[in-house]
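Values in this text are rule-based calculations from the coordinates and carry no lab data. What you see is a predicted model, and the numbers here were worked out from it, not measured in a lab. FYI the Cβ positions are ideal-geometry reconstructions off the backbone, even for glycines, and counts take in every protein chain you see.
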Amino acid sequence: MANKFTSALLLIGFILAACSDKGDDTSFFPDAPATPDKVKLVNLVNAFRLKGETCGGSSFSATVPVTWNDTLATVARKHSEDMNANNKLNHTGSDGSFVDDRITASGYVYSFYAENLLKGGATEEEAIKAWQESAAHCENLMDTKINEIGVGTAGPYWTMVLASH
């Protein structure tokens, strides 16, 4: 009985949060680290890439490791700041920009790119695990065309920009 009551209260809370006019309710989501640990992130991504994975229904062989790119991290951080300022998880920036626009504006010349977003996740491990468990994000992590990443955070928002020259 207590289980049903607790479930009902949680459902009511989510419905009220969804119906509020304040945008996304961030009270349910922990803040990400203000400065994510780039060594930890690269190590987590590379451990995942080096063993091969199944993402959704697709199997991926082990692939080459990625390296950190500070320019991509700046692009990612700025997008996370924009999402946090607007309280909205979205690949489109408040100025109408898409990830390719943001990468190009940074001066990075890409041949391939992808973007992973997340709201929530208090640690690097939690963020990477969430992306690994999502088929589309997992595919981005395993893409053989990717060789550099950058991650930036603001509030509960995480952005990972994955690219290659």
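Below 14 angstrom from the Cβ of Glu126, what's the summed charge of the other residues (Lys, Arg +1; Asp, Glu -1)?
Combined, the nearby Lys, Arg, Asp and Glu give -2.
Evaluate E = 1/(1 + (r/R0)^6) for Glu81 and Thr104, where r is the Cβ-Cβ distance and R0 equals 25 Å; express this FRET efficiency to the nearest 0.05.
0.85
How much net charge surrounds Ser58 when only other residues with a Cβ under 12 Å from its Cβ are counted (Lys, Arg +1; Asp, Glu -1)?
Taking every other residue near Ser58 into account, the sum is -3.
Using amide H atoms built in the peptide plane, which far-off residues or other-chain residues are under 5 Å from Phe112 H to H?
Ser164
Under a 5 Å amide H to amide H cut-off, with H placed in plane at 1.01 Å, what residues pair with Gly120 once short-range neighbours are removed?
Tyr157, Trp158
Show the residues, 5+ positions off or on another chain, whose built amide H is closer than 5 Å to the amide H of Cys55.
Phe60
Determine the gain in length on full extension of the stretch Thr67-Phe28; use 0.36 nm per residue of separation and subtract their C-alpha separation, reporting nm with one decimal.
10.8 nm
What does the convex hull of the Cα atoms of the stretch 94-134 come to per residue, in Å³, rounded to a whole number?
It comes to 113 Å³ per residue, whole-number rounded.
Give me the Kirkwood hydrodynamic radius of the stretch 35-165, using the inverse of the mean 1/r over all pairs of distinct Cα atoms, in Å to one decimal.
About 14.5 Å for the stretch 35-165.
Along the stretch 76-82, what does the Karplus equation 6.51 cos²θ - 1.76 cosθ + 1.60 (θ = phi - 60°) give for ³J(HN,Hα), rounded to whole Hz, x for Gly and Pro?
5, 4, 4, 5, 4, 4, 5
Can you tally the net charge around Val42? Count Lys and Arg as +1, Asp and Glu as -1, for every other residue whose Cβ sits under 11 Å from the Cβ of Val42.
In short, 0.
Per-residue HN-Hα couplings for the stretch 144-152, Karplus 6.51 cos²θ - 1.76 cosθ + 1.60 at θ = phi - 60°, whole Hz, x for Gly and Pro?
Rounded to whole hertz, the list is 5, 7, 8, 9, 9, 9, x, 10, x.
For the cross-link pairs Lys51/Lys145; Lys119/Lys145; Lys51/Lys129; Lys88/Lys145; Lys88/Lys119, which exceed 20 Å when the distance is taken from alpha carbon to alpha carbon?
From Lys51/Lys145; Lys119/Lys145; Lys51/Lys129; Lys88/Lys145; Lys88/Lys119, over 20 Å: Lys119/Lys145; Lys88/Lys145.
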